[in-house]
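Working notes, beginning with the structure itself.
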Amino acid sequence: MSSLQPVRGTHDILPDEMRAFRHVVDTSRMAAALYGFAEMATPAFEFSGVFARTLGDTSDIVTKEMYTFSDRKGESITLRPENTAGIARAFISNGLSNDLPFKAFYAGPMFRYERPQKGRQRQFHQVGVELLGVAEPQADVEVIALGRHILDALGLKGAVTLEINTLGDPESREAYRGALVKFLSGRLAELSADSRDRLERNPLRILDSKDEGDRAVIAGAPLLGEYLNAASKAFYEELKNGLLDLGLDFIENPHLVRGLDYYGHTAFEFTTDALGAQGTVMAGGRYDGLVKLMGGPQTPGVGWAAGVERLSMLLAEPPAEGRPVAMIPAGNDPVIKREAMILSERLRRAGFAVDMAFSGNMGKRMKRANKLSAKVAVILGEDERLARAVTLRDLDSGEQATVSLDRLEETLARMLVNLSEDAFGGI
């Protein structure tokens, strides 16, 4: 073929974009550690049953969006469309139920076959946390506080809004289910074919429908909050009070739901109006029934996931990278080039980022140094080699001085951290 392109719904993350991408992941990782969440990773693909069982056979993800294939032994394998099920599977597989609470942070690619859109590709990336083994609402408060901490650290304090709702306990949801089925049965002809199919098997999934006709019907449906029992109301009040205690502002959104039976109590999202229709940047909730559904012991859980691409798009400008040192051999003498290579490795071992100019005249090599936004050029010519020295040039001021190799690391450190107005003072 005449030109190679990435597969539709995937894209190359080039260095400039990667800087913002990495900033989101690194900021999330560091904040998670402050809250006691240890990083782990699960495989990028699982046996298909891990997702088919947990996401529900009526969900759009399972029926339309999963990348599923048979391997050479005929096993059905699926690229992970989300990671909560993978974390729960790992929790069970590794026998971690005696090590509670279990607090995990993850970062990595997910895969869904859907129409590519702003901030969401068919291969996309998420960071997320899962907290297993704590039934009290304090766990919900902690994971939400962590999410808020990350967003604030990314400079998004005024750009996102926390929305919360309660799904109640199983008893409350069962009461609501009956009312919802009764209401929707009276509007059956107005529902999409998918929603009519879900009405008897999983009516709460209809509340997640993106079909415009379904959305119009759902707007008039009874609200789950009207069917909460006393225990569910008490849990929700404790959640809200906990958020207020930590100074976490929120709005209540009674239409915010999760359609799967293993979800209960807390549902929350951090949303923005800066990305058009794709406004959710972080979403989570409580899933006390998930681990048991997968064959493990009854284990409460709560967590969230956030889209790295969407968060990257919201960043004004990620912090600048540290400025490198440019190693510039004067001329093309093989001995000089060899000494420059040895000196570059010495500086890297001492912790300096060094870019080696491999070829070209002095002007070309200096242009590369400026393009890299190097702070200092280390120039090594024949005179410097014989004197066991180098010429250091401050690429901001243009000043330069000859520095003994014995004092090179000390002088570079002073120049790069700007400890002195006169970088060459004392030479």
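Quote the charge dipole size of the stretch 130-192 about the Cα centre in Debye, to the nearest 20; the model charges only the Cβ of Lys and Arg (+1) and of Asp and Glu (-1).
Working: 6 positive and 10 negative charges, 71 e Å.
Charge dipole of the stretch 130-192: 340 debye, to the nearest 20.
Among rounded, prolate and oblate, which fits the stretch 325-417 when a ≥ b ≥ c are the square roots of the eigenvalues of its C-alpha gyration tensor, a/c under 1.5 means rounded, and a/b larger than b/c means prolate? Spell out each step's value before the answer.
On the way: a/c = 1.35, a/b = 1.07, b/c = 1.26.
Cα axes put the stretch 325-417 in the rounded bin.
Using the charge dipole of the chain (Lys, Arg: +1 at Cβ; Asp, Glu: -1 at Cβ; taken about the Cα centre), state which of Ser192, Leu246, Tyr113 has its Cα farthest towards the positive end.
Farthest along the dipole direction, towards plus: Tyr113.
To the nearest 20 Debye, how big is the dipole of the stretch 325-417 about its Cα centre, given +1 on the beta carbon of each Lys and Arg and -1 on that of each Asp and Glu?
Working: 16 positive and 13 negative charges, 75 e Å.
Using Cβ point charges on Lys, Arg, Asp and Glu, the stretch 325-417 gives about 360 debye.
Within a 10 angstrom radius of the beta carbon, how do Glu200, Glu82 rank from fewest other beta carbons to most?
Final ranking by Cβ density, sparse to dense: Glu200, Glu82.
Which one of Gly36, Gly322, Leu146 is farthest out on the positive end of the charge dipole of the chain, using unit charges on Cβ (Lys, Arg +1; Asp, Glu -1) and the Cα centre as origin?
Gly322
Excluding Leu96 itself, what net charge comes from residues whose Cβ is under 12 Å from its Cβ, given Lys and Arg +1 and Asp and Glu -1? Present the calculation step by step, with values, prior to reporting the outcome.
Numbers: positive: Arg89, Lys103; negative: Asp99, Glu130.
Overall, the nearby charge balance is 0.
Return the distance in nm (one decimal) between the two label points of a simple spin-label model at Glu410 and Asp383, each offset 7 Å from Cα along Cα→Cβ.
2.4 nm
In whole angstrom, and with the biggest value first, how far do the Cα coordinates of the stretch 217-259 range along each principal axis?
37, 23, 16
Any idea how far the Cα center of the stretch 310-389 sits from the one of the stretch 61-91, in Å?
After rounding, the separation between the Cα centres reads 46 Å.
Treating only the Cβ of Lys, Arg, Asp and Glu as charged (+1, +1, -1, -1), what charge dipole size does the chain show about its Cα centre? Round to the nearest 20 debye.
Details: 51 positive and 59 negative charges, 263 e Å.
Value, rounded to 20: 1260 debye.
Could you give the C-alpha radius of gyration of the stretch 242-361 expressed as a fraction of 2.2 N^0.38 Å, taking N as the number of residues it contains?
Numbers: Rg = 26.5 Å, N = 120, 2.2 N^0.38 = 13.6 Å.
For the stretch 242-361, the normalised Cα radius of gyration comes out at 1.95.
Per residue and in Å³, how big is the convex hull formed by the alpha-carbon atoms of the chain? It would help to have the intermediate numbers written out before the result.
Numbers: hull volume 91.1 nm³, N = 427.
Normalising the Cα hull of the chain by residue number yields 213 Å³.
What's the Kirkwood radius of the stretch 347-393 in Å, using all Cα pairs?
Numbers: mean 1/r = 0.0855 Å⁻¹.
Taking every pair of different Cα atoms in the stretch 347-393, averaging 1/r and inverting gives 11.7 Å.
Among Val50, Leu223, Thr271, whose Cα projects farthest towards the positive end of the dipole of the chain, with charges put on the beta-carbon of Lys, Arg (+1) and Asp, Glu (-1)?
Val50
Compute the distance in nm between two label points, each set 7 Å from the Cα along the Cα-to-Cβ direction, one at Leu14 and one at Ala401.
Calculated label separation equals 4.0 nm.
Note down the nm distance, to one decimal, between modelled labels 7 Å out along Cα→Cβ at Asp197 and at Tyr35.
3.7 nm
Which value in Å is the Kirkwood Rh of the stretch 9-111 over different Cα pairs?
Radius from the Kirkwood sum: 15.7 Å.
Computed from the coordinates by the stated procedures, all read-outs in this text should not be read as laboratory data. In this text, all values refer to a predicted model and were calculated from it rather than measured experimentally. Methodologically, a virtual Cβ is constructed for each residue, glycine included, from the backbone with ideal geometry; neighbour enumeration extends over all protein chains shown.
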